[in-house]
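All of the numbers you see were taken from the coordinates with simple rules; none came from a lab. These figures come from a predicted structure and were not determined experimentally. Every residue, glycine as well, gets a Cβ built from its backbone with ideal geometry; the counts of neighbours run over all protein chains shown.
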Amino acid sequence: MNAPSSDPVDVLHSAVTAAAWRLAGDEGVSPALDPSPRPEMGDYSTNAAMMLAKPLGKPPREIAAELAAAIEAELGAALEKTEIAGPGFINLFLGDAWYREAAASMSATGAAAVSPVARPERVIVEFVSANPTGPLTAASGRHAAYGDALSRLLKETGHAVTTEYYVNDGGTQVDNFAASIAARMTGDEPPEDGYKGTYVNELAERAATEGHDPTDLERLARTGVEWMVEGIRGSLENFGVRMDDFFSERSLYEDNLVDRGIQRLRDNGHVFEEDGAVWLRTTDFGDDKDRVLVRSSGEVTYFGADVAYHVDKIERGNDRLIDVLGADHHGYVPRMAAAIQSLEGDRAEFEAQIMQLIHLVEGGQRTKMSKRAGDIVTLDELTQDIGVDAARWFLLARSHNQTIDLDLDLARSQSSENPVYYVQYAHARIQSILRKAAEEGGPGSGDPLAAPVDPSEKALVSKVLEFPAEVHEAAEKRAPHRICAYASEVAAAFHAFYRDCQVVGAEGEGVQAARIQLCGVTAETIKRSLGLLGITAPDRM
RNA sequence: GCGCCCGUAGCUCAGCUGGAUAGAGCGUUGGUCUACGAAACCAAAGGUCACAGGUUCGAAUCCUGUCGGGCGCGCCA
C-alpha cells in the first residue's frame, strides 16, 4: 500500500487516501476501502468522510460531498459515479472496463500477487513440541496444522520463516518412559505414573529383538526417544508438515548452551540465589512470582533449559519468536516473556499463540481422550479415518483461540455436506471447463477488455481481488482460519458465476476469452488459498 | 481467590484495532440437471449477539460489573 502497486484495489485505495489527505491537509488518516455490502451500494465503499469529521470539525456528509468530487478527479474514467449514503459512506460505482482490466492484470501478473510486508522479519515458529514419549494425538494435529499454515502465511507475506520442534528428550518424563519400556520387556507393569499405551509394548518388543538391556535405562531412554521422534516425524510428514528442525533439549547441554543462556541472564542482573536454587527475577517484568532456573539439587529446570533454548533462537538471528502452545501451558507465557524482556542488547519479540482444546465428536458424543487409559485418538488414526485434506481443513477452519468440536461423521463424509470438498470441487470444475475450452480451440474472437460484465462476474472478480488483503490480514492476525472462510467464499462466488455465465461457447465479442481468463485466475486463487492451508487442489475428483 | 480463553441461528462456528439490514456450513422445508462437473444452484424458516450498565453520530465489536463454561496458578514438564 505504500509502494506503487499494480494491484487494482490498491490503486483505488491509494486514490481515496490521496484525496482524503489533500482535503484534510494531513497524512495521518488512513481511510478504509471495502467491497460494498450490497450491489445497490456500488462496488467499493469508503468511510473516509466519517474519519475526517472530527479533525475537520464538519458533518461527515458535507465532507463526503467534497471528497467524492476529489475522488472522481483522482480516478477519472474508471469511475462511473459516486454516491453518498448513510452516515457518510462514499460508494464508488465502477465501470465494466475496470473489472475486465482488473482480471487481465491479475492474469498477467499471476493471480493476485501478494506484496511483501514493509518490514520483513526473521521469524522462528516453534510448534507441536510434544513429548517424544508417545505418538502425536489429534490435538497435536491441530497444533501442527496451525503452526504449519501460520508459517506458510508468514512466508507468503515476505517474512523469512523457520519451523522448529523442540524435543524434550531429557528430564523425568523420559526416565519414566524408559522405565515403562523396561517394565514391558521384563513382563512387568509400567510404573503407576508411567506410560501404558500399546505402543510401549511394541517399543519393548523391538528393543528386545534388537538386544537391548532392560536394566540400561539411559540407553533405553535414548533409543526409545529416537524411535518415537522418527515416528513423530513420519506422522507429521504424512500430514504434510515438514519441520525445518527438530531441536534436541539434550543438545542444549551437550553444546553448553544452558550455561551460556543462564550466564547471559546473570549478566543482565536479574538472577539471584535463594534456598540453594538459582532464580530469575521474572517479577521485574510482570510475572506473578519469580522462577527457578536451577534447582537446589543442581538440576536445571524445564524453564531454565527452555530459556536457554530461546536465547539460542535469538542468537541465531531471529527477530521474532513465535511459540504455539496448548491452553494448558498459557500460564507459562508470562515467565518466558519476562525472561526475554530481561535480556539486554540482542533481543527479539516473543509471542505465544495459545491453542484451545479440541474434542472429537462421533455419533453426537464426545469421544474420550484420556491419555492415562491409553484411548487417545492419534494423528495417524485421524488422518487415516478422514484423510489429510479433510483433517487439515477441519482443524484449521476455526480460530485456534476457540475450543472446537470436530464432527468425525461430517469430516468423514465424502459428500456434499463436507465443506472441504465444496472448495476442491470448485477448483476441479474450473479445470474441467478449462480443459474443455482448450479442446474446443482457445479463447475465441474479440477483445476481452471490451466485453460486457455480468453481475456475478463482478462479484467473482472482486472476491478474487481480495486475496492479497486476506492473506495479509490472516498473517497479521495469526489467523489461518480466515483463509478457509475466504476460500469458501471464492468457491461460492465461482459457483454463482457458473450458474449465470456460460464460458465455453459464450456469445459476444471477447466474452469467452474474458471468462476463460476469469476462470484461470479463480482457479489459481483457490489453489493458492488451499496451498496456504496445506490442502491439495485436485484437477479432477 | 487470582490470571488467560470463551458465551452470536436447532447444532458447529465466522464476524471483535466500532460502521449501513449480524453471516456461513450442517440440519429443516420447498424448487432447479436438453449449455462447460447437481460434490452445484435458488428460495424459505430460524437471532433479547449470555445479562446489566457505560463510552458516541454509531457497539456483537471498546470499558466496568454479573452469571455460565473451559484451562492454568510446582525447586513438574
For this session: Highest first, please rank the peptides A:163-169, A:145-151 by the mean number of other Cβ atoms sitting within 10 Å of their residues.
Result: A:145-151, A:163-169
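Expressed in nm², what is the orientationally averaged projection area of the convex hull enclosing the Cα positions of the range A:67-110?
Working: hull surface 14.9 nm².
That works out to 3.7 nm², a quarter of the Cα hull's surface.
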For this session: Using only alpha carbon pairs under 8 Å that are at least six residues apart, calculate the relative contact order of chain A and give it in whole percent.
Result: 15 percent
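Just to check, using Stokes-Einstein with a Kirkwood Rh over alpha carbon pairs, what's the diffusion coefficient of the range A:8-94 at 25 °C and 0.890 mPa s in µm²/s?
Numbers: Rh = 12.4 Å.
The diffusion coefficient I find is 197 µm²/s.
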For this session: Tell me the label-point distance for the pair A:HIS329, A:ASP405, using the 7 Å Cα-to-Cβ offset, in nm and rounded to one decimal.
Result: 2.8 nm
Problem set entry | HN-Hα J in Hz across the range A:446-456 - Karplus 6.51, -1.76, 1.60, θ = phi - 60°, x for Gly and Pro | x, 8, x, 5, 9, 5, x, 10, 6, x, 6
For this session: Scan around A:THR162 for amide H atoms under 5 Å from its own, H built in the peptide plane at 1.01 Å from N, and keep only partners 5 or more places away or cross-chain.
Result: A:VAL123, A:ILE124, A:VAL125
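Quick one: which of A:194-203, A:506-515, A:98-107, A:287-296 comes out on top by average Cβ neighbours within 10 Å, and what's the full order, highest first?
On the way: A:194-203: 18.5, A:506-515: 20.1, A:98-107: 21.6, A:287-296: 16.3.
In decreasing order of mean packing, A:194-203, A:506-515, A:98-107, A:287-296 become A:98-107, A:506-515, A:194-203, A:287-296.
Any idea what the dipole of the range A:64-109 comes to, in debye rounded to 20, about its Cα centre with Lys/Arg Cβ at +1 and Asp/Glu Cβ at -1?
Details: 2 positive and 7 negative charges, 25 e Å.
So the magnitude is around 120 debye.
So if I place +1 on the C-beta of Lys and Arg and -1 on the C-beta of Asp and Glu, and nothing else carries charge, what would the dipole magnitude of chain A be about its Cα centre? I want it in debye, nearest 20. Mind dumping the intermediate values first?
Values: 52 positive and 85 negative charges, 190 e Å.
Dipole size: approximately 920 debye.
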Exercise. Which residues' amide hydrogens lie under 5 Å from the amide hydrogen of A:LEU293, considering only partners 5 or more residues apart or on another chain, with H built in the peptide plane?
Worked result: A:VAL278, A:TRP279, A:LEU280
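Test of understanding: ordering A:CYS484, A:CYS501, A:CYS519 by Cβ neighbours within 10 Å, fewest first, what list do you get? Mind showing how you got there, number by number?
Values: A:CYS484 26, A:CYS501 19, A:CYS519 23.
Least crowded to most crowded, the residues run A:CYS501, A:CYS519, A:CYS484.
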For this session: Compute the distribution of all C-alpha to C-alpha distances in the range A:141-262, in bins of 10 Å from 0, and list the percent of pairs in each, rounded to whole numbers.
Result: 12, 34, 30, 18, 5, 0
Exercise. Using bins 10 angstrom wide from zero, how does P(r) for chain A break down, in % of all Cα pairs?
Worked result: 3, 15, 21, 21, 18, 12, 7, 3, 0
Seminar exercise, completed: Residue by residue through the range A:186-200, the couplings from Karplus 6.51 cos²θ - 1.76 cosθ + 1.60 with θ = phi - 60°, in Hz, x for Gly and Pro, are 9, x, 8, 7, x, x, 3, 9, x, 9, 10, x, 5, 4, 5
Exercise. Three principal axis extents, largest first, for the C-alpha atoms of the range A:419-533, in Å?
Worked result: 45, 25, 19
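Could the peptides A:132-143, A:237-248, A:436-447 be put in order, highest first, of the mean number of other beta-carbon atoms found within 10 Å of their residues? All intermediate terms of the calculation are to be shown ahead of the outcome.
Numbers: A:132-143: 24.2, A:237-248: 17.1, A:436-447: 13.0.
Ranking, from highest mean packing down: A:132-143, A:237-248, A:436-447.
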Exercise. Can you run phi through the Karplus equation (6.51, -1.76, 1.60; θ = phi - 60°) for the range A:201-210 and list ³J(HN,Hα) in whole Hz, with x for Gly and Pro?
Worked result: 4, 5, 4, 4, 4, 5, 4, 5, 5, 8
For this session: Putting +1 on Lys and Arg Cβ atoms and -1 on Asp and Glu Cβ atoms, find which of A:ILE526, A:GLY141, A:ALA352 reaches farthest to the positive end of the dipole of chain A.
Result: A:ILE526
Problem set entry | Amide H within-cut-off set for A:LEU325, under 5 Å, with H built and near neighbours excluded | A:GLN353, A:ILE354, A:MET355
Exercise. Taking a quarter of the surface of the Cα convex hull of the range A:478-541, what do you get in nm²?
Worked result: 4.9 nm²
For this session: First select every other residue whose beta carbon is under 14 angstrom from the beta carbon of A:ALA15; then total the charges, Lys and Arg +1, Asp and Glu -1.
Result: -4
